[in-house]
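> A single structure is presented below for examination.
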Amino acid sequence: MQIDLSAAKVDFASPDYSGRNFLLPDQTSKQSGNGEFYNSQLPHSKYRLLELQAEDVKRAGEILAHYVDTRLDFIDASVIALAERLKVKMILTLDRRDFGMVKPRHCDYFELLP
């Protein structure tokens, strides 16, 4: 299982992505502004839309407090919190800086794709 933040930039026919399940945090979908994808294509795709739970929001706040001197934002911190709760180690993102600097609780580091 992996969390997807940049589906539009990825060739899902690639062997790197075949057979994988993708999770899409709800707050990411709302921020992206691509309503057509989320309204018409998402329900028929291999994505699973997830909502943040109270524990994820709390953990995101802890992450933001710990990395207060960085440009880490709430969206990225909440994705990290969600990944920790679900024990996800791979994150599909073009934002390597933010996800690469955070030390997750459940593993030594995130594997960042692509």
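All of the numbers you see were taken from the coordinates with simple rules; none came from a lab. Because the structure is a prediction, the values reported are computed rather than measured. Here the Cβ positions follow ideal geometry from the backbone for every residue, glycine too, while neighbour counts run over all protein chains shown.
> Give me, ordered by chain and number, the residues 5 or more places off residue 95 or on other chains with an amide H under 5 Å from its own placed amide H.
Amide H neighbours of residue 95, under 5 Å, 5+ apart: none.
> Check which residues have an amide H placed less than 5 Å from residue 90's amide H, if you skip close sequence neighbours.
Those qualifying (amide H under 5 Å, at least 5 residues apart or on another chain) are 3, 111.
> With the crude spin-label approximation of a point 7 Å out along Cα→Cβ, what separation in nm comes out for residue 74 versus residue 89?
In this crude spin-label approximation the distance works out to 3.2 nm.
> Here is a further query. What FRET efficiency, computed as 1/(1 + (r/R0)^6) with R0 = 35 Å and r the Cβ-Cβ distance, is obtained for residue 96 and residue 54, rounded to the nearest 0.05? Could the numbers behind the result be given before it?
Working: r = 29 Å, r/R0 = 0.83.
The pair residue 96/residue 54 has a calculated efficiency of 0.75.
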